Amino acid sequence: MTVLDKHPEKNLIRLQLSQNSVLKSLDPEAMADLERHLVISDLRKSEILLHQGDHQMEQYFVLDGI
């Protein structure tokens with residue numbers, strides 16, 4: 001896992017986040033605050049992000065994949 005600011009594709013990820021239907025209404029200050037908390041996880045096709053019924057407090061923004 002990588003924090004956004006250190007991810008090699010940080011500019012592309014920021015663009016994708018800014019186009020997200022939930023996040024696009026955030027002002028630049030709110031988006032910057034959110035970015036400080038983001039951790040980027042790259043998963044392979046066979047890896048599981050979460051299981052049905054999990055009670056996690058994390059929020060996931062899937063940027064690419066099925």
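Just give me the residues in the range 1-42 being hydroxyl-bearing (S, T, Y) and surrounded by 14 or more Cβ atoms within 10 Å (Cβ to Cβ), in sequence order.
T2
The C-beta contact set for the range 5-22 (first residue closer than 15 Å to V39 by Cβ and basic (K, R), second residue modelled with pLDDT under 90 and surrounded by 12 or more Cβ atoms within 10 Å (Cβ to Cβ), distance under 8 angstrom, 6+ apart or interchain) comprises K10/L4; R14/L4.
Here E47, E58 are screened, and the one residue that is within 12 Å of the chain's Cα centre (by Cα) and either of a type in the set (D, E) or assigned to a helix (DSSP H, G or I) (or both) is E58.
The values are calculated or read from the model by the stated rules, or taken from the named source; none is laboratory data. These numbers come from a predicted model, not from an experiment. Neighbour counts run over all protein chains shown; Cβ positions are idealised from the backbone, glycine included.
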